[in-house]
Every structure is written in C-alpha cells, then in structure tokens.
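Each remark here refers to the structure printed beneath this line.
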Amino acid sequence: MTLDQGRWLRIPGPTPLHPRVVAAMQREMIPHRGAAMQQLFDGMLRKARQVHRTDDYVFVWPGTGSAGWEAAIVNLLSPGDRVVATVCGDFGDRFAGLGERFGLNVTRASVPWGQAVSADVFASALESASDVKAVFITHNETSTGVTNPLAELGSLARDAGALVIVDAVSSAAGLPLEMDGWGLDWVISGSQKAWMCPPGLMISGVSERAVSAAAESGYPRFFWDVRSMVMSTAAGSTPSTPPLSLLFAFDAALDAILEEGVEQVWQRHARLGAHMRAGLSDLGLDLFAHPNIASDTVTAFLPPGGMTASELRDAVRSDSGIEIAVGQGEYADRVNRVGHMGWTAVPELDATVASIARGVDASTSQGTVSAQLRA
Ligand code: PLP
C-alpha cells in the first residue's frame, strides 16, 4: 500500500485521479484554435452541462476554486453591493472575506463550526440586510464536513431577488446539485475534488441571468470576463491558451461520470459517506457534524481524548501511508478529516478506518480500538 497508488490519498482534495484521466493526460498537444479543439471543447462543455444539470452555460478557466469566487464577484457585482454569505467554516469565512476585500457590503449568515446554515438563519440574514444583490452559499463546507441545504437557501435567495452564487468546490460531481432546478446562477468548482482530475481547472456553471448581470458589473476585469468567455466558447475555444492536458483530463472524467450516471454518482457518494461515518463511529470516535447535515464527500471527526489531530494524522501515515487531513482555522489540531469524493470506493475507506484504529492504538499503547474493529 503506497501513496503511488493514489487511492490512498484520503485528504479532501487533491483526490486520486481516475485511470481514464491519467491516460487522457498522456495525449500530445493539439492546436488550441480549430476543428480538433472545437470538437473537444463543444463535447466537453455539453457533458459538463449535463452534470451541472443546466441548459445554460458551463465555462472553464485555468485556476482553482478561490479563483472562482473572484470571477463570480467581478462579473456579477459592483463595489458597495449588499451580499449575504453563509459562514459555517473556513471556506465560507474566506469567501465572505474576499467579498469584503472587494468592497462589498457583506452580511454573514453565521453558525458555529460543525453546524449547517439553516433556512431560518439565512432568511433572517436576508431580511436584516435588505436589497441584497447576491448571496454566497457554500454548498459543502470542506473544513467541517457539513453540507448546507442548498436547494432551500437558493430558493430563499431567489425569492429575495438575489443572484445565487454557489461554492460547490467539494460538492460538484459528488453531491446532488441541480443548477437549473434550484435556480443557481454561478456554481464554482475545482478539478481537484470530485472531478477526479489534477488541480488547475476552475469550472463554473453560469446562468443566462448571470451573463446578463455581467453587463452591469462595476468591476474592471479582463481574464475573468465572462462576456469574452461567452463569445470564445461560441466559437469553440477559450479567450486565452487553454490548459489542454486538463481539458483532456476533464473530458475523460466527464465520460466516466456520465457512463456511471449522474444520479448513480450521487448515490455512490451517499453510500460512501454513510460507510465512513459508520466506520468511525464503530471505533467510538465522535463525528464533528450531526449525521443529518454531514457531508458525503468529506467526514470530520474528533481525535480520541489525549491525541491531537496532527498526532493522529502522523500515526496513520506511519502505519499505512494513508494520508488523512487535520482541521482548519481554530479547529486545525482538534479535528481530523477524511475525503471520500471522486475516484473512491469502500475498500479504501475500510483500510483508512483500520489504519485510524491502529494509529489510535499505537499512540495510546492499548490496542483496544483495533480489537474493537476486529470484533
Ligand atoms: N471552497 C471550498 C469549499 C473548498 O473546499 C476549497 C478548497 O479546498 C476552496 C473553496 C478553495 O479552492 P482552491 O484551493 O482550489 O482555490
């Protein structure tokens, strides 16, 4: 069992690469303007729209998830605009903070880490802010392993007349996500998560409504200008040189997802999430999020008493080579996280749970936790 096998990488991104992705990345370059690119690009975006469940647009830029935050802001908003942002962990906090840096008037719909932003909390933030131009919703808070009720929050935001900007970085292609059905305007994700690709591609589902809003934005923009992207995409390419190997990778990942079936992929993640939570609970470890709001792409749990998160991470690493993650922000050393998104199956999760059990035993010199697992 070595890290070379990738599937032992149990951090919540970068995730193991799908074998078809690895193969696709061996391809030679092609001209980025012309028939070969157009064919690849049109097909890739058509498939990406199917996975996002939208008839509007999906665009790709070289970049990562945080670049998606910035792209959405500069295209849809103007300095001073009011936005409501869900904050239930580190990524929601960063997104809200970025809005402030851009001079937006940000109202935070905050709850303690480990909880989800409920419809009530979100509705009162929308009411208190008034005249809200857009909302930032973190669909899946990777730092705490919590999934927010996106459909409900999105609908409240639409009722308030706001544009719905969604951080789907650790949910897209893993958790149920209905861009058109739930009225979402800008859905951000990054290739290194459930898309089973290397880092480097920022993927954005964009509604017609968002493209219209881009004409009104008061921010200067060049690289992220969605209007250039609309024009180039219609002509079968991107405004600047695309990261071709990542496009080959993303196209292959989309094929794998569509062959499995979008809903089947969601169901597989639901099974993996439940399996991971059950495995950790069987060891007597406490889960950070309540099962009703627990994420099916990343599980956060507390290391046993007397152990820090980095001690447990290191113990697992030396036991098996499996890489699990620690927490973020003030929970950095109080919470461990295990990723189970993308190219992932039950045997790797079982191996991870078994290694966590041995890691706990090794550090407590008791041998009781792994015995519990064998029982
Ligand atoms: N949003 C969420 C929910 C994330 O999990 C991450 C990264 O893990 C980001 C945003 C930032 O993405 P990136 O590191 O790709 O910029």
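The values are calculated or read from the model by the stated rules, or taken from the named source; none is laboratory data. Since this is a predicted model, take the numbers as computed values, not measurements. No Cβ is skipped: glycine too gets one built from the backbone with ideal geometry, and neighbour counts run over all protein chains shown. Please note that ligands, DNA and RNA were not included when accessible areas were found on the heavy atoms of the full protein model with its side chains. Shrake-Rupley method; radii C 1.70, N 1.55, O 1.52, S 1.80 Å.
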## Note on the structure
Across the stretch 93-120, the tally of residues that are in a helix (DSSP H, G or I), away from the ligand (no atom under 16 Å from the Cβ) and either farther than 16 Å from Asn75 by Cα or touching a Lys or Arg at 6+ places or on another chain (Cβ under 8 Å) (or both) stands at 2
### Residue ranges of helices (runs of 4 or more DSSP H) in the stretch 262-375 with at least 1 members within 30 Å of Ala48 (Cα to Cα)
262-282, 346-364
### Task
Test Gly68 against the stated conditions and say whether it is open to solvent by less than 20 Å² (accessible area, probe 1.4 Å), within 14 Å of the ligand (Cβ to nearest atom), out of contact with any helix residue (DSSP H, G or I) (no Cβ under 9 Å at 6 or more places or on another chain) and in a helix (DSSP H, G or I).
yes
### Task
Could you list all residues from the stretch 347-360 that are open to solvent by 10 Å² or more (accessible area, probe 1.4 Å) and over 20 Å from Arg268 (Cβ atoms)?
Ala354, Arg358
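For every residue, the table says whether it meets (1) within 16 Å of the ligand (Cβ to nearest atom); (2) crowded, with 19+ Cβ neighbours inside 10 Å.
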{"site": "Phe122", "(1), (2)": "no, yes"}
{"site": "Asp131", "(1), (2)": "no, no"}
{"site": "Ala134", "(1), (2)": "no, yes"}
{"site": "Thr138", "(1), (2)": "yes, yes"}
{"site": "Thr142", "(1), (2)": "yes, yes"}
{"site": "Arg158", "(1), (2)": "no, no"}
{"site": "Ile165", "(1), (2)": "yes, yes"}
{"site": "Ala173", "(1), (2)": "yes, yes"}
{"site": "Gly183", "(1), (2)": "no, no"}
### Task
Test Leu126 against the stated conditions and say whether it is in a helix (DSSP H, G or I) and either within 15 Å of the ligand (Cβ to nearest atom) or touching a residue at least 40 places away in the same chain (Cβ under 8 Å) (or both).
yes
### Query
Can you tell me which of Leu76, Leu40, Leu98, Leu9 is touching a residue at least 24 places away in the same chain (Cβ under 8 Å) and in the same structural domain as Ser320 (by TED's automatic domain parsing)?
Leu9
### Message
Please count how many residues of the stretch 12-26 are open to solvent by 60 Å² or more (accessible area, probe 1.4 Å) and part of a loop (DSSP other than H, G, I, E, B).
### Response
2
### Summary
Residue pairs within 7 Å by beta carbon, gap of at least six or interchain, first lying in the stretch 272-295 and at negative phi, second open to solvent by 40 Å² or more (accessible area, probe 1.4 Å) and in a loop (DSSP other than H, G, I, E, B), listed first then second, are Arg277/Pro291; Leu285/Leu302; Asp286/Leu302; Phe288/Leu302
### Message
Filter the stretch 309-346 down to the residues that are surrounded by fewer than 19 Cβ atoms within 10 Å (Cβ to Cβ), of a type in the set (Gly, Ala, Ser) and under 25 Å from Ala270 (Cα atoms) and list them by number.
### Response
Ala345
### Query
Does Thr308 meet the test of being of a type outside the set (A, V, I, L, M, F, W, C) and not assigned by TED's automatic domain parsing to the domain that holds Leu9?
no
